1. With +1 on the Cβ of every Lys and Arg and -1 on the Cβ of every Asp and Glu, and nothing else charged, how large is the dipole of region 183-240 about its Cα centre, in debye rounded to the nearest 20?
2. Between residue 561 and residue 475, take the C-beta separation as r, use R0 = 25 Å, and let me know the FRET efficiency to the nearest 0.05.
3. Provide the per-residue ³J(HN,Hα) series for region 444-455, in order, calculated from phi with Karplus coefficients 6.51, -1.76, 1.60 and θ = phi - 60°, each as a whole number of Hz, with x at glycine and proline positions.
4. In region 157-238, which trypsin sites (Lys or Arg not before Pro) are in a loop and have at most 16 other Cβ atoms within 10 Å, using DSSP for the loop call?
5. Out of region 463-550, which trypsin sites (Lys or Arg not before Pro) are coil in DSSP terms and have no more than 15 other C-beta atoms within 10 Å?
6. Search the structure for amide H atoms under 5 Å from the amide H of residue 271, placed 1.01 Å from N in the peptide plane, and list their residues when 5 or more places away or on another chain.
7. Just want the answer: with Cβ charges of +1 for Lys and Arg and -1 for Asp and Glu, which residue in 89, 131, 73 is farthest toward the dipole's positive end in region 63-219?
8. Would you pull out the residues with amide H under 5 Å of residue 426's amide H, same chain only if 5 or more places away, H placed 1.01 Å from N?
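No value in this document is a laboratory result; all are computed from the given coordinates. Keep in mind the model is a prediction, meaning the values are calculated, not measured. Cβ sites come from the backbone with ideal geometry, for glycine too, and all protein chains shown count toward neighbours.
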Amino acid sequence: MEAPPFAPSYSPSSLLLRRKTPLSFTKFSRSPNVKIRTNFSIRASSSSDSVVTLLDYGAGNVRSIRNAIKFLGFEIKDVKTPEDILNASRLIFPGVGAFAPAMEVLSKSGMGEALCSYIEKDRPFLGICLGLQLLFESSEENGPIKGLGLIPGTVGRFDSSKGFRVPHIGWNALKITKDSEILDDVGNHHVYFVHSYRAMPSDDNREWISSTCDYGDKFIASIRRGNVHAVQFHPEKSGDVGLSILRRFLYPKSNVAKKTGEGKASKLAKRVIACLDVRANDNGDLVVTKGDQYDVRENTEENEVRNLGKPVELAEQYYKDGADEVSFLNITGFRDFPLGDLPMLQVLRYTSENVFVPLTVGGGIRDFTDSQGRHYSSLEVAAEYFRSGADKISIGSDAVYAAEEYIRTGVKTGKTSLEQISRVYGNQAVVVSIDPRRVYINDSNDVQFQTIRISSPGPNGEEYAWYQCTVNGGREGRPIGAYELAKAVEELGAGEILLNCIDCDGQGKGFDVDLVKLISDAVSIPVIASSGAGVPDHFSEVFAKTNASAALAAGIFHRKEVPIQSVKEHLLKEGIEVRI
């Protein structure tokens, strides 16, 4: 089904997107009817050798794997019928999203049976993330749900009771257990994972396993049998190491020497994230800006929007500099018509062509009705951003309203943007951005919200504070605390929290360690510390004193005050594992 055409006056028709209708979610009651940044000198030598068949079932971001395949010199043929699978010379299944919707599509289309037949004949196959999980007998995700049944075992959820954050998000190490060919260049380097469910090794599936990963428990990171490969991590998001994995799958007979290089990966790394606040300036140009306590205008007579560079160029530079993720925040947002925001969609598309680390985008992702009375769900809006190159969606104000209603009623309606998107794409695809202000008080009993004894007294000697959440870019305070909001959005389906602090924003005096500790101790999902970084010591401090999984900065990177590599070198010296 085609979406209505989007044709804002400022954008040529060549920017229009083909949008697939978001998948509905249906729980299975019975088994589906199936049988069981490197310059590479090698290029495909003929048209028959230069085609990769891609099984894209219509959910999530597959633009990055498409770009990686093209980057390596191949053309793409999309699967439209089961026969396309059976006729493929090499097949990649970049499974994105949740288990049940994917199995529903495979079952109803007949592609599941064709996929089983293709794999059973030992044809060249690479499954990615969900493309690995679906090969197993079943999954507990919104289930139990029957899988393709090719590999013995059940896909289960990580056990957060052991103190590990779920979802498992970030760069982790592999333990290679047998010759897998495609992992020859991994060595001691990190690769990128983002998932809440995993398959466990057993005697029944031991012969399939080519590598494992430790995160709470030892789980299956990759499998290999003959020409059949699948990985739980995302090679298309794992930088140069990931591109080498794809290259070795696409060129299995090449005589390329193994290049593992220097690596020290042993466990999950702390992430260093570059954030780009993007908005139109007064001339209508899309620029990267940076606020001072959320004020993005220069303190001059002209009062112009602060311009720190072009978004695509900066994102590509940060990728080269070693950023573990790049986050875009659309702070002007086409609030009345988010799907008309073609410039931001184009930023994602262009960025994903050459940036092979995760991309997050936030701003204006919610239900809305356009001027013609056509209603769009937040799921439709998110789908457009995923298809344009986003790996994760960040929700701000809409999550605050959803949390307030959930706390008031105790009812999960399933209709909020948070619930809709996490149900179809998995909670690992949903980030909630929290924007609180510190409110000083003399007594912890003065308010109904969670308070903390602050490490530095308030302006009038106050010893306590609570953190009031805001909406609309920090302009409006809400009757909910950051602690209460974090707990609520975790229950509603958030997979990660981006924790800002308006008081610290742009100050360069360090993260609000009190706030980060409060929230990272309260939830079992990963927390990203944001706002206030000024020097490398601020990163090591927040990692040493809190349970933050990542730390984000903007201005110090944009102004070239502190290079990303300097931050990572400092963290390594402090004994904090990072990706190098």
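1. Charge dipole, region 183-240, about its Cα centre: 140 debye, nearest 20.
2. Details: r = 28 Å, r/R0 = 1.11.
For residue 561 and residue 475, the calculated efficiency is 0.35.
3. 5, 8, 6, 10, 7, 9, 5, 10, 9, 7, 7, 6
4. Values: sites: 157, 162, 165, 175, 178, 198, 206, 218, 224, 225, 237; in loops: 165, 178.
For trypsin sites (Lys or Arg not before Pro) across region 157-238 that sit outside H, G, I, E and B with at most 16 neighbouring Cβ atoms in 10 Å, the list reads 178.
5. Working: sites: 475, 487, 509, 517, 545; in loops: 475, 509.
Sites meeting the loop and neighbour criteria: 475, 509.
6. Here 550, 551 satisfy the definition.
7. Of the listed residues, the answer is 73.
8. Answer set, sorted by chain and number: 98.
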